[in-house]
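What follows is one structure encoded as structure tokens, with my remarks underneath.
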Amino acid sequence: VSWTVVDMTDIHQVEQLLRTRIKENRGRQREAILVWMETPSNPLCKVTDIGAICDMVNMARKEETDDDDDDEEQMITTVVDSTWAPPCITQPILIGADAVLHSGTKYFGGHSDVLLGLVSCS
């Protein structure tokens, strides 16, 4: 497992890193790529453009499928940690994310009497 921290509010930086990782995977056993977004971020409350990043990932998937000589597909998954934004405010699946995490403890319980986390997938 390897990971790289990137400012998710800088779409160009995210795209450059994604393309670098895809190139690194060519010609060898491919590793899955996970694009993890936390928005709003904790503790800085930076907001990531979920739709723009998901569109970029979908475009990269399509380009890789079109350009690829072998049958092995590059697996790129988008996940949004939406702990600070409840599902009634932010719905990342509808914006294009593959999976979203929500905090049930904060927004569904509200009284510290429930411990719950949710993962929703497209």
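The values are calculated or read from the model by the stated rules, or taken from the named source; none is laboratory data. Keep in mind it's a predicted model, so treat the numbers as computed, not measured. Every residue, glycine as well, gets a Cβ built from its backbone with ideal geometry; the counts of neighbours run over all protein chains shown. Side chains are part of the model used for accessible areas, which takes the heavy atoms of the whole protein and leaves out ligands, DNA and RNA. Shrake-Rupley method; radii C 1.70, N 1.55, O 1.52, S 1.80 Å.
Summed over the stretch 32-43, the residues that are in a strand (DSSP E or B) and touching a Pro at 6+ places or on another chain (Cβ under 9 Å) give a count of 1.
Consider the stretch 5-31 and keep the residues that are open to solvent by 70 Å² or more (accessible area, probe 1.4 Å) and outside any helix (DSSP H, G or I). The one that is modelled with the highest pLDDT is VAL5. Across the stretch 56-65, the qualifying residues are those that are open to solvent by less than 100 Å² (accessible area, probe 1.4 Å) and either out of contact with any helix residue (DSSP H, G or I) (no Cβ under 9 Å at 6 or more places or on another chain) or among the β-branched types (Val, Ile, Thr) (or both), and the one among them that is farthest from LEU18 (Cα to Cα) is THR65. Hey, could you check the stretch 1-16 for residues that are β-branched (Val, Ile, Thr) and out of contact with any Leu (no Cβ under 7 Å at 6 or more places or on another chain) and say which is farthest from VAL57 (Cα to Cα)? Looking at residues that are β-branched (Val, Ile, Thr) and out of contact with any Leu (no Cβ under 7 Å at 6 or more places or on another chain), I get VAL1. Would you mind stating whether VAL47 is open to solvent by 90 Å² or more (accessible area, probe 1.4 Å), closer than 18 Å to THR83 by Cα and modelled with pLDDT of 90 or more? Against the criterion (open to solvent by 90 Å² or more (accessible area, probe 1.4 Å), closer than 18 Å to THR83 by Cα and modelled with pLDDT of 90 or more), VAL47 qualifies. Somewhere in the stretch 92-107, is a residue in a loop (DSSP other than H, G, I, E, B), open to solvent by 90 Å² or more (accessible area, probe 1.4 Å) and modelled with pLDDT under 90? The answer is no; no qualifying residue exists.
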